[in-house]
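Since the structure comes first, as structure tokens, the remarks are kept for the end.
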Amino acid sequence: MDKSLITVTSPVLPDLGELNEYLKKIWDAKWITNGGQFHQELEKALAEYLCVPFISLFTNGTLPLITALQAMRITGEVITTPYSFVATTHAIWWNGCKPVFVDVLPETGCIDPNKIEAAITPKTTAIMPVPVYGKPCDMEAIQTIADKYGLKVIYDAAHAFGVKVNGVSPCAEGDMATLSFHATKVFNTVEGGALVCHDEATKKRIDYLKNFGISDETTVIAPGINSKMDEVRSAIGLINLKYVDECIEARHQVAIKYREALCNVEGVTFWDDMPGVKHNYSYFPIFIDAKKYGEMRDELYFRMKASNVLGRRYFYPLISTFSTYRSLPSASPENLPVATRMANEVICLPMHHQLKDEDILRVLELVVK
Ligand SMILES: *Cc1c(COP(=O)(O)O)cnc(C)c1O
């Protein structure tokens, strides 16, 4: 029996010939970072691809989150979701703000807008939702609440590259949105990220902040950070961007096969595509109801692992259970029943552009009993 390793994800790697041509240009120009030619080209190409007004490249997806809060001088309390990658909450913490966790919707895994108002206090200044797995949040409802209470909205859209809701990218929503171009994401620059904003003055401020706060040769306007994307990774981004739609379509085909095979499996649920939404198939989470399935989520997870098929319990444990955050009043499981249940039931199945039919069959043989 084939026991070769099936990984959860696999990075999109640029063709070496193509990369070499870019590298030669970088070497010839001897301009390897600090807003070089490819950095500028990638910002322009991404703004077009995502249909967003202004975008700044970063070295990863965490620093744009931290910088977004800095740029808007967010203080006090920030409402967020516990059902995300830990960087979302860490960015709030690094700004000296207090994260306030709100439960999520079972239909999307995104923050439940009906529970946001109860979490608002006089100290609340912002909401940081996450379109988790690329599933769109209820952006209209979130914006209505934000407008009513005068709060900023920053989307951690790390999962939402290429997603469109009625033709609009979730990155174009809110006051700012961030992206991650980490190797595991749908679009990667090895490590990388970006911050989307809506006017030129803000873009300028963000560009200062990601370069130590330096605004000209002799002026430093703020305690900025260093988070500039270099030319090599910008070039990788330019190459990978050409193939991203192809890769998303390959993922789509995997999702179709998983759904076909799993639709009648007792105790296994998953999400269908949403009307009006162009999905990016960045993850394929399934939820295991142990009573109906006859096996606990972890039993399935380890059974898969023993067969060299790697799933990922993503997002388990919840961010609110980590030592930094668990003493917050909003972190109690009673406050977060939906997120807590999802974290205990979820496995993300292998999902990437290079999964072969044999691989998909091996995954399914383990899940379908
Ligand atoms: C990947 C990810 C990040 C952080 O991105 P890095 O590029 O790894 O720093 C932030 N938020 C979410 C939801 C992510 O999945």
Out of 108, 55, 243 - ranked by how far each Cα lies towards the positive end of the dipole of the chain, with unit charges on the beta-carbon of charged residues - the top one is 108
Ranked highest first by the average count of other Cβ atoms within 10 Å around their residues, in what order do 35-48, 223-236 fall? 223-236, 35-48
Of the options 130, 86, 26, report the single residue whose Cα projects farthest towards the positive end of the charge dipole of the chain (beta-carbon charges: Lys, Arg +1; Asp, Glu -1). 86
Quote the relative contact order of the stretch 244-367 in percent (integer), defining contacts as alpha-carbon pairs under 8 Å separated by 6+ residues. 33 percent
Note down the magnitude of the dipole of the chain about its Cα centre, charges +1 on Lys and Arg C-beta and -1 on Asp and Glu C-beta and zero elsewhere, to the nearest 20 debye. 720 debye
Kirkwood hydrodynamic radius (Cα pairs, Å) of the chain? 21.4 Å
So, relative contact order of the chain in percent, Cα under 8 Å, 6 or more apart, is 23 percent
Could you point to the residue in 360, 279, 321 farthest towards the positive end of the stretch 244-367's charge dipole, with +1 and -1 charges on the Cβ of Lys/Arg and Asp/Glu respectively? 321
List the relative contact order of the stretch 263-335 as a percent without decimals, with contacts defined as Cα pairs under 8 Å and 6+ residues apart. 20 percent
Could you give each residue of the stretch 154-163 its phi-based ³J(HN,Hα) in whole Hz, using Karplus coefficients 6.51, -1.76, 1.60 with θ = phi - 60°, and x for Gly or Pro? 10, 8, 8, 9, 3, 9, 9, 4, x, 6
Please give the peptides 151-159, 237-245 ranked by average Cβ packing (other Cβ atoms within 10 Å per residue), highest first, as a rough proxy for protection. 151-159, 237-245
Debye-sum result for the stretch 244-367 in log10 I(q)/I(0), which assumes one identical scatterer on each alpha carbon, at q = 0.18, 0.19 Å⁻¹: -1.01, -1.09
Let a ≥ b ≥ c be the square roots of the eigenvalues of the Cα gyration tensor of the stretch 93-243; is it rounded (a/c under 1.5), or, if not, prolate (a/b larger than b/c) or oblate? oblate
In vacuo Debye sum over C-alpha of the stretch 322-368, base-10 log of normalised intensity I(q)/I(0) at q = 0.22, 0.23, 0.29 Å⁻¹, listed in q order, is -0.79, -0.83, -1.08
Probe 1.4 Å, heavy atoms of protein chains only: per residue, the accessible area of the stretch 244-367 in Å² is 47 Å²
Filter 164/204; 152/210; 44/98; 135/292; 24/203 down to the pairs with a C-alpha to C-alpha distance above 28 Å, please. 44/98; 24/203
Which cysteines does the chain leave without a neighbouring Cys Cβ under 4.7 Å? 51, 97, 171, 197, 247, 263, 348
Three principal axis extents, largest first, for the C-alpha atoms of the stretch 15-145, in Å? 58, 32, 25
Roughly how many Å is it from the Cα centre of the stretch 338-368 to that of the stretch 297-311, as a whole number? 10 Å
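Once a ≥ b ≥ c are taken as the square roots of the eigenvalues of the Cα gyration tensor of the stretch 59-104, is the result rounded (a/c under 1.5), prolate (a/b larger than b/c) or oblate (a/b not larger than b/c)?
Note, shape of the stretch 59-104 comes out oblate.
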First compute the accessible area of the chain with a 1.4 Å probe, then give the percent of it belonging to carbon and sulfur atoms. 55 percent
Within the chain, what percent of beta bridges assigned by DSSP are antiparallel, to the nearest 5? 60 percent
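The values are calculated or read from the model by the stated rules, or taken from the named source; none is laboratory data. Keep in mind that this is a model prediction, so the values were computed, not measured. In this analysis, Cβ positions are derived from the backbone assuming ideal geometry, glycine residues included, and neighbour counts consider all displayed protein chains. Side chains are part of the model used for accessible areas, which takes the heavy atoms of the whole protein and leaves out ligands, DNA and RNA. Shrake-Rupley method; radii C 1.70, N 1.55, O 1.52, S 1.80 Å.
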